[in-house]
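The values are calculated or read from the model by the stated rules, or taken from the named source; none is laboratory data. These numbers come from a predicted model, not from an experiment. Positions of Cβ are generated from backbone atoms using ideal geometry, with glycine treated the same way; all protein chains shown enter the neighbour counts. Accessible surface areas use protein heavy atoms only, side chains included; no ligands, DNA or RNA. Shrake-Rupley method; radii C 1.70, N 1.55, O 1.52, S 1.80 Å.
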Amino acid sequence: AVPGGSSNLKQVKLDRESELRIEVSDEPLRLRVVNGTAEIFGAELPPEIWRTFPPRLKFAVFTWYGATIEMDGVTETDYTADETPMVSYVNVHAILDARRRFAKASTSTDSDSPQGPRVIVVGPTDSGKSTLTKMLISWAAKQGWKPTFVDLDVGQGSITIPGSIAATPIEMPLDPVEGFPLDMALVYYYGHTTPANNVELYKTMVKELAQVLERQFLGNPESRAAGMVINTMGWIDGIGYELLLHAIETFNASVVLVLGQEKLFSMLKDVLKSKSNVDVVKLHKSGGVVARNRDYRKVARSSRIQEYFYGLSKELSPYANTSSFSDVQVFRIGGGPQAPRSALPIGSDPVSNPLRVTPVNIEERDLLHSILAVSYAEEPDQIVSSNVSGFVYVTEVDVLRKKITYLAPSPGALPSKILVAGSLTWLESH
Ligand code: ADP
């Protein structure tokens, strides 16, 4: 039992190919497998060992052959479902696995030799995209592959904070609580939570990320054979649809998995039919996917940022640092020229350049509560094409003393003076 709390033990017996769907309440929930084998989104749970799940997490414990699960705590909801799309999902995994083996067997240094599958998962919001990418990654890792996970969803951010696009090699099935590891991630900071803010910048960063991965694959046959699993955002109409096509093309996707939308499937199938090396596959959405409204998403974004600085259960404490304005250089990308038209040289074009990098005057622009990325760029003109080492959170701007105070996840001087601002802010709640 939980020390100081009352115990609320409950056992659930699961038949083969069924799952226990859980929404954790405002209190953490403890859970373990008592009998049989079970997994959470593709990652097997070790027998007997209690795991604690944080408040409001929504997940399912699935079993292929039957299991008994024990829960300790009060849930928001929990119920058993025996109708799941898991068999169709694992069939997709089996095909990907065969392609990986084929690629591995024929691994040569020739860049035309077969390579592992590049899977992109698309569909509307709340169709289970992130969940399916997790399963595909964990099942692949369980079999010893080291697939690359790519996250193009700037709205939520599975690898790091929202507003970023990122990729990371995965070597082990994902931990059901911790999620994706951050230590080896390649991160680009776009700075906004929707691509609509600056479509050109978003596309440019997607391209940068793809090019770097392409180069890494050339030198790494193991990663190349394991391939990629790419998660996308739920924006699938208009420009959102164009961006999906752009991502499919830029990453040279070979498998497009469409979740839960007939129309999107038929549109993609149609436009990609001339490409014989791209498979477009329709998959059912799981009945367990929980719809999250705008407010929930906002809260989720905010907790991702909190998690970055404080850890999943506030076990870390970030470091507060103060710098003089002159010790850092803050830039932003895109947006119109800051000078009025009358101040521009005659004949110059006042139309905004989406990729223009402009210095931010810390005294004039309110950076309080902004999230700034620490760029690897050495010169401002490299900012758009550079990845970032991490993020800081501005907690104080003292214009009189010309000092800026920020939280950083690690102590000491910043790895670079070049910081990038977007529109992402955060209000720390205590
Ligand atoms: P998307 O990426 O398409 O927006 P997600 O994969 O993030 O959707 O799923 C939405 C929410 O539903 C997440 O909180 C996820 O953990 C939850 N979820 C997905 N599948 C299940 C399931 N089978 N049972 C319970 N919760 C689930």
Accessible area per residue of the chain at 1.4 Å probe, in Å²? 48
Excluding residue 70 itself, calculate the net charge of residues whose Cβ lies under 9 Å from the Cβ of residue 70, where each Lys or Arg counts +1 and each Asp or Glu counts -1. +2
Solvent-accessible area, 1.4 Å probe, carbon plus sulfur percent, for the chain: 50
Helix 294-310 versus the longest principal axis of the chain: what is the Cα-based angle in degrees, 0 to 90, to the nearest 10? 80
Want the number for residue 8 to residue 368: 0.36 nm per residue separation, take away the alpha-carbon distance, what's left? 125.2 nm
Express the C-alpha Rg of the stretch 204-347 as a ratio against the empirical globular expectation 2.2 N^0.38 Å, rounded to two decimals. 1.48
Which angle from 0 to 90°, rounded to the nearest 10, does the C-alpha axis of helix 262-271 make with the longest principal axis of the chain? 60
Among the aspartates and glutamates, which fall within straight-line cross-link reach of residue 203, defined as a Cα-Cα distance under 15 Å, with same-chain neighbours fewer than 8 residues apart omitted? 151, 153, 242, 249
Once you compute Rg and the Kirkwood Rh from C-alpha atoms, what is the Rg to Rh ratio for the stretch 235-281? 0.92
Can you give the local net charge around residue 320? Use residues other than it whose beta-carbon is closer than 13 angstrom to its beta-carbon, Lys and Arg +1, Asp and Glu -1. -1
For residue 403, which lysines qualify as cross-link partners when the Cα separation must be under 19 Å and same-chain residues fewer than eight apart are set aside? 417
Please state the shape class of the chain: rounded when a/c is under 1.5, otherwise prolate if a/b exceeds b/c and oblate if not, all from the C-alpha gyration tensor. oblate
Work out, step by step, the length gained on full extension between residue 284 and residue 35: first 0.36 nm times the residue separation, then minus their alpha carbon distance; give nm to one decimal. 86.7 nm
Decide, for the stretch 48-156, between rounded, prolate and oblate: order the square roots of the alpha carbon gyration tensor eigenvalues as a ≥ b ≥ c, take rounded if a/c falls under 1.5, and otherwise choose prolate if a/b is larger than b/c, else oblate. prolate
Looking only at 13, 402, 104, which one moves most when the chain is put into a Gaussian network model with springs between Cα atoms under 10 Å? 402
For the chain, what is the calculated [θ] at 222 nm in deg cm²/dmol (nearest 500), taking -39500 (n - 2.57) for each run of four or more DSSP H residues and dividing by its residue count? -7500 deg cm²/dmol
Projected label distance in nm at residue 273 and residue 376, using a 7 Å step from Cα toward the beta-carbon: 4.2
Whole-Å distance linking the alpha carbon centroid of the stretch 394-430 with that of the stretch 241-255 is 35
With axes computed from alpha carbons, what is the tilt in degrees of helix 86-105 against the longest principal axis of the chain, rounded to the nearest 10 within 0 to 90? 70
Tell me which lysines have Cα within less than 23 Å of residue 146's Cα, excluding those fewer than 8 residues away on the same chain? 104, 129, 134, 207
Which value, in debye to the nearest 20, describes the size of the charge dipole of the stretch 191-308 about its Cα centre when Lys and Arg Cβ atoms bear +1, Asp and Glu Cβ atoms bear -1, and nothing else is charged? 300
With charges only on Cβ, +1 for K and R and -1 for D and E, what is the dipole size of the chain about its Cα centre, in debye, rounded to 20? 480
